[in-house]
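In what follows, a single structure is set out as structure tokens and then discussed.
The values are calculated or read from the model by the stated rules, or taken from the named source; none is laboratory data. On a predicted model such as this, the values are computed, not experimentally measured, just so you know. Neighbour counts are summed over all protein chains in view; Cβ atoms, including those assigned to glycine, are modelled from backbone coordinates with ideal geometry. Areas reflect the complete protein model, heavy atoms only, side chains present, ligands, DNA and RNA absent. Shrake-Rupley method; radii C 1.70, N 1.55, O 1.52, S 1.80 Å.
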Amino acid sequence: MLAALPPVPDLAAWPRDHAVRVRVATAAAQRRDEPAAALRELALLYHANGRYREAAAAERGLQALEPQNARWTYLLADASEKLGDADAERAWLEATLRLAPWYAAARFRLADLLLKLGFPGQARAQYERFLALVPGEPHARLGLARLALDGGDRDGATRELEALVRDHPDFPAAHNLLAEVHAVAGDAQRAGDADASRDFARLLARPLP
């Protein structure tokens, strides 16, 4: 428990109540006064305020104390992403899904990460499993379209994107990619149509004055 307790950083720029809570929770953990509860509060305070190294230290301690709690593995994945450690992020997301295979947010993040890391087959499997949990979700469908494009299946990507913009006309990212696909294929008319649809989608997405 004490090994997982991060040193208190400079809190001068923090909201006063958050800084006080950090100092109180740190002191409680050092006194072993309900130390697990104190470490939980520290982990969440540090994470919410962007102190990801301190958050990760506390979260690793909590993960060791509560190895079946997927909350800590997921927060460790998030801290790893914020710290630029993609390998650790992947490992913690996979650990989260071993504990909670139904956790759609972790499934989607892993799919996106695998796509960025260049593992198309694994990314596709994760997007498909995510869509089994959240049918029709547009960001996952966009990920599958990108995979089709990366794999050289322009026709398949076009079909997926055209279906996606029909189903979600207010999703500009799909319009953007569809316009790019048509432009690369030399179809200026369809590229222009997709651009016009994208602009309309952006208007739809704007909040009312």
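Among 92-104, 113-125, how do they line up from the highest to the lowest mean number of other beta-carbon atoms within 10 Å? Don't skip to the end; give the middle numbers.
Working: 92-104: 17.8, 113-125: 15.8.
Highest mean packing first, the order is 92-104, 113-125.
Among Pro6, Phe130, Ala25, whose Cα sits farthest toward the positive end of the charge dipole of the range 1-148 (+1 at Cβ of Lys/Arg, -1 at Cβ of Asp/Glu, about the Cα centre)?
Looking along the dipole axis, the top candidate is Phe130.
Based on the alpha-carbon gyration tensor of the range 9-103 and its eigenvalue square roots a ≥ b ≥ c, which shape applies: rounded if a/c is under 1.5, prolate if not and a/b is larger than b/c, or oblate? Don't skip to the answer; put the middle values down first.
On the way: a/c = 2.65, a/b = 1.51, b/c = 1.75.
Oblate, since a/c reaches 1.5 and b/c is not below a/b.
In whole percent, and with a 1.4 Å probe on the protein chains, what portion of the accessible area of the range 8-87 is carbon and sulfur?
Values: 2030 of 4240 Å².
Solvent-exposed carbon and sulfur of the range 8-87 make up 48 percent of the total.
Using the Karplus curve 6.51 cos²θ - 1.76 cosθ + 1.60 with θ = phi - 60°, what ³J(HN,Hα) values do you get for each residue of the range 83-99, in whole Hz, with x for Gly and Pro?
Each residue's phi maps through the Karplus curve to give 8, x, 9, 5, 5, 5, 4, 4, 4, 6, 5, 5, 5, 4, 6, 5, 7 Hz.
Tell me the per residue accessible area of the chain using a 1.4 Å probe; a whole number in Å² is fine.
Details: 11290 Å² over 209 residues.
Dividing the accessible area of the chain by its residue count gives 54 Å².
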